[in-house]
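A short write-up of the structure that comes next.
The values are calculated or read from the model by the stated rules, or taken from the named source; none is laboratory data. Remember, it's a predicted structure, so these values are computed and weren't measured experimentally. A quick note on method: Cβ atoms are made from the backbone with ideal geometry, for glycine too, and the neighbour counts reach across all protein chains shown.
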Amino acid sequence: MELAKLTSKGQITIPVEIRKRLKLKEGDKVFFLEEKGKIYFQNASQVALRKFQEEMTGEAVKVGFESEEDVVRYINALRSSSGK
């Protein structure tokens, strides 16, 4: 358990061990969630990435990709056609 002090401006310093565990660095945003009377906070970019991954689940199959190799071939074809 870690302890932080609230300033008169409502700011806290997140203890270094917590910042490391959440992979937080200067300028990062945090996401607050209230659930069953408790407040949780997470690295906002990790929350956004997780949500994106959940929303994209199954999309590759819908467009006809059956394997990772199919995706790689498609990307290579796009790169070839764009001259890169």
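When Val63, Val72, Val16 are checked against the criterion of being more than 23 Å from the chain's Cα centre (by Cα) and surrounded by fewer than 11 Cβ atoms within 10 Å (Cβ to Cβ), Val63 stands alone in meeting it. Just to be sure I understand, how many residues within the range 28-60 are under 17 Å from Ile18 (Cα atoms) and either among the aromatic types (Phe, Trp, Tyr) or exposed (fewer than 10 other Cβ atoms within 10 Å of the Cβ) (or both)? Total meeting the criteria: 5.
Is it true that some residue in the range 35-47 is modelled with pLDDT of 90 or more and at positive phi? The answer is yes; a qualifying residue exists. Of the residues making up the range 30-59, those that are outside any strand (DSSP E or B), touching a strand residue (DSSP E or B) at 6+ places or on another chain (Cβ under 6 Å) and aromatic (Phe, Trp, Tyr) number 0. Does Glu54 meet the test of being acidic (Asp, Glu) and under 20 Å from Met1 (Cβ atoms)? When the stated conditions are applied, Glu54 does not pass them.
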